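S.K.: Got a structure here, written out as structure tokens. Questions coming.
The values are calculated or read from the model by the stated rules, or taken from the named source; none is laboratory data. Just so it is clear, the structure is predicted and the values come from calculations on it, not from any experiment. Backbone-built Cβ (ideal geometry, glycine too); neighbour counts: all protein chains shown. Each accessible area value is taken on the protein alone, full model and side chains, heavy atoms only, with ligands, DNA and RNA left out. Shrake-Rupley method; radii C 1.70, N 1.55, O 1.52, S 1.80 Å.
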Amino acid sequence: RAKGAVGERICTYEPGMDETARQRRQLANDLRNAVDRHEFTLLYQPQRLLQTGELSGYEALLRWHHPRRGVISPNDFIPIAEETGEILTIGAWVLRQACIEAQHWPKEQKVAVNLSPVQFRQADLADTVRAILLETGLSPRRLELEITESAIIADKLRALHCLRQIKAMGVSVAIDDFGTGYSSLDTLHSFPFDKIKIDKSFLLRAENSAQARAIIRAVLALGKSLEIPVLAEGVETERQLEVLQKEGCEEAQGYYFGRPARAPSLSVSRAANS
Ligand code: C2E
Ligand code: MG
Ligand code: MG
Ligand code: MG
């Protein structure tokens, strides 16, 4: 497992520290050739509309097949790629690959692609997106970009400008991991998001925590008043689904509907109403 290779607890002056730093450097180094060596693949996880049960789209999730360590999770290598700047090359690959693969799907669902804050800070992001859409021929209506709150806080005006450029092309934008970041309600109100994705941590805690349930309800109410549809991430059980349906959540994604899988058609395990 890749876990422990990076992101381990860091204690100053412990013998293990050199090793951790060394492994991190090694991974950073390995990342530089990973695109050229075809070591990345995308998995797709279905997103379902809860009213109709309709499959609305798939989120593309990146996997790194490291030649010696096996499959490494994005949580373990994206931060390193962001530090070295390699995320720009990797991110462009993800976008292009997702657009190409989505063209082969039997139905014209949306493909949602995660953007790193580092990508989002590039002045030419909109140009990059436009070029990839042109090159691959994917309809902009089928592309959704997912950004986190951390991508917009640093320079709100610039972020707003960038979002508007992207939206003007017909591409939609979702705010990911909502509830875990720093953005104020005012930010949410002034940014033209098409979707709010409630972070999965709230749903995972919902059964045992009244507080987590209250936050889910609050985000749903917020979405209603701003007229932005809300998607709940991390739906694993039928009970969780029932709660979401009762509270009027529009859309959901999670292991209950399907794990991230190689081909979209294979990853649909259940219908919303079953
Ligand atoms: P995310 O965008 O919030 O993606 C959702 C994560 O939750 C995915 O983890 C997914 O596999 C996992 N998940 C989905 N349903 C469930 C569930 O029911 N229960 C639980 N426990 N987990 C569930 P994954 O694939 O490991 O990705 C982790 C994070 O890495 C993503 O979080 C995203 O922030 C980042 N990431 C993934 N692919 C890319 C990419 O292409 N570019 C960038 N910049 N980041 C990416
Ligand atoms: Mg995401
Ligand atoms: Mg998320
Ligand atoms: Mg996340």
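S.K.: Select, from GLU101, GLU86, GLU108, the only residue that is closer than 27 Å to SER150 by Cβ and among the acidic types (Asp, Glu).
M.R.: GLU86
S.K.: Right, next: Looking only at region 88-127, how many residues end up being out of contact with any Leu (no Cβ under 9 Å at 6 or more places or on another chain) and either within 16 Å of ligand 4 (Cβ to nearest atom) or of a type in the set (D, E, K, R) (or both)?
M.R.: 6
S.K.: Could you list, ordered by first residue, the pairs with Cβ atoms under 6 Å in which the first is in region 126-155 and more than 15 Å from LYS110 (Cβ to Cβ) and open to solvent by 10 Å² or more (accessible area, probe 1.4 Å) and the second is assigned to a helix (DSSP H, G or I) and within 16 Å of ligand 4 (Cβ to nearest atom), at least 6 apart or interchain?
M.R.: What qualifies is SER150/PRO117.
S.K.: If you take the residues in region 98-125 that are closer than 20 Å to GLN45 by Cβ and open to solvent by 50 Å² or more (accessible area, probe 1.4 Å), which one is nearest to ligand 1 (Cβ to nearest atom)?
M.R.: Out of the qualifying residues, it is ASN114.
S.K.: With the structure loaded, tell me whether PRO106 is more than 18 Å from ARG259 (Cβ to Cβ) and not in a helix (DSSP H, G or I) or whether it fails that test.
M.R.: Criteria met by PRO106.
S.K.: Still on this structure: Right, SER73: touching a helix residue (DSSP H, G or I) at 6+ places or on another chain (Cβ under 7 Å) and within 16 Å of ligand 4 (Cβ to nearest atom) or not? Break it down stepwise before answering.
M.R.: Details: touching a helix residue (DSSP H, G or I) at 6+ places or on another chain (Cβ under 7 Å): no; within 16 Å of ligand 4 (Cβ to nearest atom): yes.
No; evaluated as a whole, the condition is false for this residue.
S.K.: Take the residues in region 159-193 that are among the charged types (D, E, K, R) and more than 16 Å from ligand 1 (Cβ to nearest atom); name whichever of them is nearest to LEU133 (Cα to Cα).
M.R.: Only one residue tops the list, namely LYS167.
S.K.: Within region 225-247, how many residues are of a type outside the set (A, V, I, L, M, F, W, C) and either part of a strand (DSSP E or B) or open to solvent by less than 30 Å² (accessible area, probe 1.4 Å) (or both)?
M.R.: So the answer is 3.
S.K.: Select from region 223-242 the residues that are in contact with a helix residue (DSSP H, G or I) (Cβ under 7 Å, 6 or more places away or on another chain) and either among the acidic types (Asp, Glu) or at pLDDT 95 or above (or both) and write down the one among them that is farthest from ligand 3 (Cβ to nearest atom).
M.R.: Among residues in region 223-242 that are in contact with a helix residue (DSSP H, G or I) (Cβ under 7 Å, 6 or more places away or on another chain) and either among the acidic types (Asp, Glu) or at pLDDT 95 or above (or both), the one farthest from ligand 3 (Cβ to nearest atom) is PRO229.
S.K.: Okay, next question. How do the strands (runs of 3 or more DSSP E) wholly within region 14-103 filter down when requiring 1 or more residues that are of a type outside the set (Ser, Thr, Tyr) and free of Cβ contacts under 8 Å to residues at least 40 places away in the same chain: which remain?
M.R.: 55-66
S.K.: Take LYS200 and decide whether it is within 16 Å of ligand 2 (Cβ to nearest atom), without any contact (Cβ under 8 Å) to a residue 60 or more places away in the chain, over 23 Å from LEU125 (Cβ atoms) and buried (at least 17 other Cβ atoms within 10 Å of the Cβ).
M.R.: Criteria met by LYS200.
S.K.: Of all residues being within 16 Å of ligand 2 (Cβ to nearest atom) and closer than 22 Å to ILE153 by Cα in region 86-97, which is surrounded by the fewest Cβ atoms within 10 Å (Cβ to Cβ)? Just the residue, please.
M.R.: In this case the residue turns out to be ILE87.
S.K.: Having 2 or more residues that are closer than 15 Å to ILE228 by Cβ is the bar; report the helices (runs of 4 or more DSSP H) wholly within region 146-206 that clear it. Give the derivation first.
M.R.: Numbers: elements: 150-153, 156-168, 185-190, 200-206.
Those helices (runs of 4 or more DSSP H) span 156-168, 185-190.
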